[in-house]
Amino acid sequence: MSERLPITVCTLCLNEARNLPRCLSQIEAFEEWLVLDTGSADDSIQIAKALGARVESTPWKGFSATRDEHFKLATQPWILWLDADEELTPAFIEELRNLLPKIDQHAAYQINRLMFFEGKWIRHGDWFPDRVTRLFRGDAWSMPHREIHESVEISGSIGRIIETVPHYSYLDWADRQKRIESYTALWASQQHEKGRTSSLIGPPLRATWKFFRGFIVKKGALDGSLGLKIAWSNALEVHRKYRLLRNLGR
């Protein structure tokens, strides 16, 4: 068996029994896999423990505050933030092993997520590439407060990992719509608190550009009819965000 990587994988959990077996499939590759549960009512805790994860529990404090608490529980010199609906492939693990001797050349690394939706891998448009900073040195990060779309700030340079990370974000269109409604409301509230507003023509103009950029500029059309549906859905999401923001400012 290969030597375990000196990394704590951090996975936040709330009723993720469906996703955890896939998410934790590479658990043997790491010194520590830390699942922080925020009140699951399903078998998430039992599944995570049975698969070998270290499991801790905490009340939900919001995205940024909960992740900040999560990362501070890590014991290894490097932290890999992996959501329960994401997966590490053997090729990704192999790249990490090859990177390890020179990993300190950067303070953090971006991963590139590849969305699986409606039975297809989405390789164009606004959903790909999807680069996010997820691997970082334990003493080089901070977590600014945000209601949604939380991300770490890094003290130092940021590199990139080549292998993609499969991402199974949505069950179906109904699931996507439900999350759009939740996230857009949080986003509008967050932006309103910062003093941002939107004009009357802001929502349609931004939505039109979002569709054009995703479907034409970023080649979402190459994903066929599904690419068209995704570009349209993304445009509607933007329209809703700025319509809600405008309503808050009136």
Gained length - D42 relative to T197, 0.36 nm times residue gap less alpha-carbon distance: 51.7 nm
Angle in degrees between helix 224-249 and the longest Cα principal axis of the chain, rounded to the nearest 10: 70 degrees
Segment R97-A221, length gained on full extension (0.36 nm per residue, minus Cα span): 41.0 nm
All aspartates and glutamates inside 18 Å of K102 as judged from Cα atoms, apart from same-chain residues fewer than 8 positions distant: E3, E94, D139, E163
Derived scalar couplings ³J(HN,Hα) [the stretch 58-66; Karplus, 6.51 cos²θ - 1.76 cosθ + 1.60; whole Hz; x for Gly, Pro]: 7, x, 5, 10, x, 4, 5, 5, 5
Cα-based shape type of the stretch 173-249, given that a ≥ b ≥ c are square roots of the gyration tensor eigenvalues and the cut on a/c is 1.5: oblate
Extension gain, I27 back to E163 (0.36 nm per residue minus Cα-Cα distance, nm): 47.2 nm
Point-to-point label distance, K229-K49, nm (Cα→Cβ direction, 7 Å offset): 4.0 nm
Gyration tensor verdict on the stretch 14-152 (Cα atoms; rounded if a/c is under 1.5, prolate if a/b is larger than b/c, oblate otherwise): rounded
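Rounded to the nearest 0.05, what FRET efficiency do T208 and L171 give with R0 = 35 Å and r taken as the Cβ-Cβ distance? Could you check?
After rounding, the FRET efficiency stands at 0.75.
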Interchain or long-range residues, amide H under 5 Å from V9's placed H: E32, W33, L34, L80
For the stretch 107-214, convex hull volume per residue from C-alpha positions, Å³: 143 Å³
Rounded tilt (10° steps) of 202-212 against the dominant C-alpha axis of the chain: 60 degrees
Separation of alpha-carbon centers, the stretch 53-127 and the stretch 149-182, rounded to whole Å: 10 Å
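Taking the Kirkwood radius as the inverse of the mean 1/r across Cα pairs, report the Rg/Rh of the chain. Each step should come with its number before you reach the end.
Details: Rg = 19.1 Å, Rh = 19.5 Å.
Computed over Cα atoms, the ratio is 0.98.
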Out-of-range pairs (alpha-carbon distance over 19 Å; input K210/K241; K194/K241; K178/K219; K194/K218; K178/K241; K120/K219): K178/K219; K194/K218
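Readers should treat all values here as calculations from the given coordinates under stated rules, not as data from a laboratory. Just so you know, these numbers come straight off a predicted model, no measurement behind them. Neighbour counts are summed over all protein chains in view; Cβ atoms, including those assigned to glycine, are modelled from backbone coordinates with ideal geometry.
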